[in-house]
Every structure is written in structure tokens, then in C-alpha cells.
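These notes concern the structure reproduced below.
Computed from the coordinates by the stated procedures, all read-outs in this text should not be read as laboratory data. Treat the numbers as computed from the prediction; the structure is a model and nothing was measured. Here the Cβ positions follow ideal geometry from the backbone for every residue, glycine too, while neighbour counts run over all protein chains shown.
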Amino acid sequence: MRIHDVLQGKNTQDVITVAPDATVRELLALLAQHNIGAVIVSADGAAVDGIVSERDVVRRMHADEGALDGPVSSIMTADVHTCEAGSSLDDLMALMTERRIRHVPVVAEGRLTGIISIGDVVKNRITELEFERDQLDSYVHQT
């Protein structure tokens with residue numbers, strides 16, 4: 001299975017981005033509005049400048065209550081692990097597990113094309129297992 005297979009199964013192909021100079025408060029509004037756990041930080045909507053998640057906000061708020069009015073760039077992760085649409089889903093699962101990350105941007109030729117969350121991966125895996133179960137059940141109960 002490839003990353004593009006998972007992307008095609010998502011309800012929406014939209015990738016939400018936020019400018020590096022947007023405030024953390026604006027970021028929180030985006031997360032709530034779109035019911036998502038992370039946003040790609042991008043000055044132009046195509047390049048991946050960073051990623052910022054709910055975890056990043058919580059960690060910063062714990063250390064600095066005034067962070068809400070600061071820029072997203074001050075709390076984002078700048079060293080972003082990415083993948084390509086043709087990459088193996090198994091490789092992505094290993095990366096997410098090893099690095100303890102829940103969101104990975106999908107890029108093509110350096111341009112943002114999608115995002116895969118751990119929820120997307122789990123949903124896909126459950127679908128695969130249900131299909132296999134149904135196939136085995138059908139085989140066992142054939143007359």
C-alpha cells in the first residue's frame with residue numbers, strides 16, 4: 001500500500017496551512033475550526049516551513065502563558081519529516097512510530113500536496129483488516 005492510496009480515501013484533500021507570523025491564538029482558531037490536530041506552517045501555502053501541533057501549543061503554554069499572542073514560528077517544529085505519495089505506508093508507519101509523530105506532510109518536488117495523520121493510517125489499517133476478515137469468513141463458510 002502507498003501513501004497516495006490513503007490520501008484518496010480521505011474525506012478531504014485540503015491541507016490547512018498557517019503563516020509563520022500568524023499568532024498562536026490564530027493557530028488555535030484554525031485547529032478548532034477544522035477539527036484537526038496539526039497545521040503545516042508555510043509562508044506561501046506550498047513550501048513546508050514547519051509544522052505545529054496541539055502538543056506544541058500545550059508545551060509552550062505550560063512554559064509561557066503569554067505565548068498565545070506570539071508567532072507560530074516560535075513554537076513550530078522546523079525540522080519536518082515528510083513523505084512522498086509513492087512511498088510505502090509501512091515505511092511511514094515505522095517513521096511515525098520511531099519518531100513519535102502523528103502528522104506527516106506529503107510533498108512532491110518540494111511542494112506540499114497532502115498530509116497524513118496517524119488517524120488516517122489507523123483507519124486504513126482497520127479497513128484492510130476488515131476486508132481480510134470478510135474474505136476469510138467467506139472462504140470458511142463456502143459450501
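Axis of helix 118-140 versus longest Cα principal axis of the chain: the two differ by about 10°, to the nearest ten degrees. Whole angstrom only: what separates the Cα centroid of the range 1-68 from the Cα centroid of the range 109-135? Comparing the Cα centres of the range 1-68 and the range 109-135, I get a distance of 20 Å. Model label sites at residue 29 and residue 84, defined 7 Å from Cα along the beta-carbon direction, differ in position by 3.8 nm.
To the nearest ten degrees, helix 89-99 and the longest principal axis of the Cα atoms of the chain are 40 degrees apart. Here the extension length gained between residue 74 and residue 91 equals 3.1 nm, from 0.36 nm per residue of separation less the Cα-Cα distance.
Computed from the C-beta positions of residue 139 and residue 47 and an R0 of 41 Å, the FRET efficiency is 0.25 to the nearest 0.05.
Here the simple spin-label model places points 7 Å from the Cα toward Cβ, and for residue 100 and residue 61 these points are separated by 2.0 nm. Given R0 = 22 Å, the distance between the Cβ atoms of residue 11 and residue 122 translates into a calculated FRET efficiency of 0.90.
Under 8 Å for C-alpha pairs, at least 6 residues apart: give me the relative contact order for the range 3-140, rounded to a whole percent. Computed value for the range 3-140: 25 percent relative contact order.
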